[in-house]
Amino acid sequence: MEIPSKYNALSVEKKWYDYWMQHNYFHSIPDEREPYTIVIPPPNVTGVLHMGHMLNNTIQDVLIRRARLLGKNACWVPGTDHASIATEAKVVAKLKAEGIDKNDLTREEFLKHAWDWTHEYGGVILEQLKKLGCSCDWDRTKFTMDDDMSEAVIKVFVDLYNKGLIYRGYRMVNWDPEAKTTLSDEEVEYVEKQGKLYYVNYKIEGSDDTLTIATTRPETILGDSAICINPEDPRHQNLKGKKAIVPICNRVIPIINDDYVDVEFGTGCLKVTPAHDENDKVLGDKHNLEVIDIFNDDATLNSYGMHYEGQDRFAVRKAIVKELESLGQIEKIEDYNNRVGISERTKAIIEPRLSDQWFLKMEDLAKPALDAVLTNGEVKLFPKKFENTYRHWMENIRDWNISRQLLWGQQIPAYYYGDGKEDFVVAETIEDALKLAQEKTANSELKASDLKQETDALDTWFSSWLWPMSVFDGIRNPENEDINYYYPTNDLVTGPDILFFWVARMIIAGYEYKDERPFENVYLTGLVRDKQRRKMSKSLGNSPDALKLIEEYGADGVRVGLLLSSAAGNDLLFDEALCDQGKKFANKIWNAFRLVKGWEVSESVGQPQTSKIALEWFETKLQKTLIEIEDHFSKYRLSDALMATYKLIWDDFCGWLLEMIKPAYGEPIDSTTFKATIALFEDLLKVLHPFMPFLTEEIWQYIEERLPEEALIIARWPESKSINEKLISEFDFASEVISGIRNIRKQKNIAFKDAIVFSVVNNENAASTFDEVIAKMGNLSSFNYVSEPVDGALTFRVKSNEYFIPMEGSIDVEAEITKLTEELNYTEGFLKSVQKKLSNERFVNNAPEQVVASEKKKEADALAKIDTIKASLDSLK
């Protein structure tokens, strides 16, 4: 097969990915081998590939491909998440563009639109992952809304309800008025916002007196049901037992006493709005206050908003302040920095809202998951620093609000048989629900049509927390072959932003349903930032198109670029130039392969000693690097593992070995050396394959004709052999000698074709193992061991060894003397100017310390340089 002169990444990538798919190399079934399992963090079904996905999935593919080469039964399960809030928002927007209002549709009609959308746009991201080279077991692809996955979710809900862990409660929840659903506490981000603090006067009933409250949300005044004072506050003793009048709506409300009010803060009078503040709700319950909810589900005001009904909360804020000012009831307005909760998904400002919701008790469930990470080390986090974050979350865990006011998702399996809040049963099917309802009501006449299912859907995370089990059908069929073989999985690669949302909850579910960890190691990747440390975003225009990067640099180049990105804390600073470095690395390897395959091979030529020792050195250098790579992988330092591989190939193989074994121009290479070099090249391809799968498979298949069962993707990792440390250190010394010779040739313009005499005073008692290599690489006519320095010679040192190259016949002595004399004169002049500065007491006493230190260094460097030049001149005369 003729090897193309240039490596064409795009055609190679398609060819080999199709070949791997055709031969089912990615597919895994249980067998006698040790399993190695990764479950993909399922991306949103309607998502597209971004830089975070690229990094995360490159790392997973590196781990899975390496496991295959190590002889393990590697299984990487792909899939997507139904992402209820994000997907429903997209479907609603699409319907709106078509003139359809979601509220005009039945649940079934809306779900048909949602499924149509999912089938049209879903899974695009999985196709894009193939272009990156991801070797997932595509036959096992799962979607969190697949029938079997949904069944598992419902089964778990019913089980937890029957265990008394799921309950329905009327609670203050986080309401997202844009998505029109509740959010769990973890789905709320907190940001600092510049706002205002409004001081508002309330009249006291039956007098002309007023009291003043301070609020950041004057629009909620219309929901006030009390004013609260601290009973010990001397300023407000006159208010005890009185009533206040709410401005605008003129509602008369009680003035209550409670030590909850901080006498040091604000005016000492607190407006109490139980429907719109969590702390106010606690006060309201304690004092039996009226709950007045003034908002609709989209955060416009309802009928309690009076003439502001139908207007948005922020528009009302401005309008109500103007009205209060016109009534003379604004005392003053101050600037105020406020910490505001926003929806992680829609970025809408969260509205605290009272609502009937479903909750899961977390305290007892969380204990085994806390111990697994922090006590017995059954689950290890990399980097370890995230253990503190994990501890904080898990020790302060609250009950999980698992219901969402959405249609897209698993519908909660609660069935109401009456009008009361407690008139419901929970069951996996309506048939089971009917039996339970008949028993509960003692009414055998009850029919399925009398039952109404809960309209809320379950939080998306309530399905994805089962992912490592449900992808192997471990919830519905807990003893099936797949779950018993693949579970617990080995490594999870994900982002620290979902350490609690997803990772912690999977650990909780694993111990609850399998009494076992779901995975052993969690590798938390950082955010991909640009080289200016900014987060990548569409608005900044600094997030490159992932697929265009692959087109330009090849998938292998992009994979290398991502893994070589420098760490910034836990984050990665991505620079497109690193992808170019990856592409150049691919070209370097390609050209090295073409060079080796281009040599004429002779069976009759004997192996030179230089080649024999060079091959022995590289074999042991490879073995030493394999140990280093193994150590990096064990600590999830994948960038370091790649860098060690990169240096082994670029520096040691291409830079040294190929130069040492290269036959003379026009001469053939002996077959022994050639075969050994190809064998070493094959080992390098195996080590590099997890990082650069396409290039390595292409070269592997070019080396010789291979059967499908001989493909690189399923080859065996290089065998471990003993390491000759002495040989490595001897070569390191010899390489410095060769570099010394090359430097002198370069400095003195001695052409490589001109052989030179070489002598050494061997003070180091350096071994002569590599002398023939030094002679070849330096083109030495002779290599002499001498006891005294050689006069009239150019010299350099390696440790205490002195090396000499006679100048006679090598350089023009007169020209060299002239050049060195000029250099000496210039340096002596420079020294005088520096010493003049340093002899000036005013300069030394007044100049900054670092400036004086810099001048002293210049003096020392100049003196050392003058000594060197004079020594060189003496040797020339």
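The values are calculated or read from the model by the stated rules, or taken from the named source; none is laboratory data. Being a predicted model, the structure only gives us computed values, none of them experimental. Ideal geometry is used to build each Cβ from the backbone, glycine not excepted, and the neighbour counts take in all protein chains shown. Accessible surface is based on the protein model in full, side chains and every heavy atom, while ligands, DNA and RNA are left aside. Shrake-Rupley method; radii C 1.70, N 1.55, O 1.52, S 1.80 Å.
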So, in region 765-811, how many residues would count as being small (Gly, Ala, Ser), farther than 24 Å from LEU727 by Cβ and modelled with pLDDT of 90 or more?
3
Which condition breaks for SER326 when tested against (1) open to solvent by less than 70 Å² (accessible area, probe 1.4 Å); (2) under 30 Å from THR210 (Cβ atoms)?
(1)
Within region 96-126, count every residue that is without any contact (Cβ under 8 Å) to a residue 40 or more places away in the chain and out of contact with any helix residue (DSSP H, G or I) (no Cβ under 6 Å at 6 or more places or on another chain).
17
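To keep it simple, each residue is scored yes or no on (1) in a helix (DSSP H, G or I); (2) open to solvent by less than 40 Å² (accessible area, probe 1.4 Å); (3) in contact with a Pro (Cβ under 7 Å, 6 or more places away or on another chain); (4) free of Cβ contacts under 8 Å to residues at least 12 places away in the same chain.
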residue: GLN128; (1), (2), (3), (4): yes, yes, no, no
residue: ASP139; (1), (2), (3), (4): yes, no, no, no
residue: MET149; (1), (2), (3), (4): yes, yes, no, no
residue: ASP159; (1), (2), (3), (4): yes, no, no, yes
Among the residues of region 447-470, what is the count of those that are crowded, with 22+ Cβ neighbours inside 10 Å and of a type in the set (Lys, Arg)?
0
Are any of the residues in region 255-265 open to solvent by 30 Å² or more (accessible area, probe 1.4 Å), outside any helix (DSSP H, G or I), in contact (Cβ under 8 Å) with a residue 60 or more places away in the chain and among the hydroxyl-bearing types (Ser, Thr, Tyr)?
no
Among residues belonging to region 161-184 that are assigned to a strand (DSSP E or B), of a type in the set (Ser, Thr, Tyr) and open to solvent by 20 Å² or more (accessible area, probe 1.4 Å), point out the one that is modelled with the lowest pLDDT.
TYR170
Quick check on region 471-495: of everything there that is open to solvent by 10 Å² or more (accessible area, probe 1.4 Å) and among the polar types (S, T, N, Q), which residue is nearest to ASP515 (Cα to Cα)?
ASN484
Hey, any hits in region 821-835 for a residue that's out of contact with any strand residue (DSSP E or B) (no Cβ under 7 Å at 6 or more places or on another chain), at pLDDT 90 or above, open to solvent by 40 Å² or more (accessible area, probe 1.4 Å) and among the β-branched types (Val, Ile, Thr)?
yes
Within region 620-659, tally of residues that are open to solvent by less than 30 Å² (accessible area, probe 1.4 Å), at negative phi and under 28 Å from the mean Cα position of the chain (by Cα):
13
Within region 660-670, considering residues that are out of contact with any helix residue (DSSP H, G or I) (no Cβ under 6 Å at 6 or more places or on another chain) and within 16 Å of ASN779 (Cβ to Cβ), the one surrounded by the fewest Cβ atoms within 10 Å (Cβ to Cβ)
TYR665
Can you pull out the residues in region 583-602 that are assigned to a helix (DSSP H, G or I), open to solvent by 30 Å² or more (accessible area, probe 1.4 Å) and within 18 Å of ALA676 (Cβ to Cβ)?
LEU595, LYS597, GLY598
Of the residues in region 127-182, how many are touching a helix residue (DSSP H, G or I) at 6+ places or on another chain (Cβ under 8 Å) and among the basic types (Lys, Arg)?
3
Would you confirm, using the coordinates I've provided, whether TYR25 is of a type outside the set (Asp, Glu), outside any loop (DSSP other than H, G, I, E, B), touching a residue at least 24 places away in the same chain (Cβ under 8 Å) and more than 19 Å from ILE550 (Cα to Cα)?
no
Every residue in region 15-60 that is of a type in the set (D, E, K, R) and surrounded by 13 or more Cβ atoms within 10 Å (Cβ to Cβ), please.
LYS15
Within region 618-640, which residues are without any contact (Cβ under 8 Å) to a residue 24 or more places away in the chain, closer than 17 Å to ASP61 by Cα and not hydroxyl-bearing (Ser, Thr, Tyr)?
GLU630, HIS632, ARG637, ASP640
So, restricting to strands (runs of 3 or more DSSP E) that lie completely within region 310-403, which ones have at least 2 residues that are within 30 Å of THR220 (Cβ to Cβ) and touching a residue at least 12 places away in the same chain (Cβ under 8 Å)?
330-343, 351-360
Restricting attention to region 502-551, report how many residues are among the aromatic types (Phe, Trp, Tyr) and open to solvent by 10 Å² or more (accessible area, probe 1.4 Å).
3
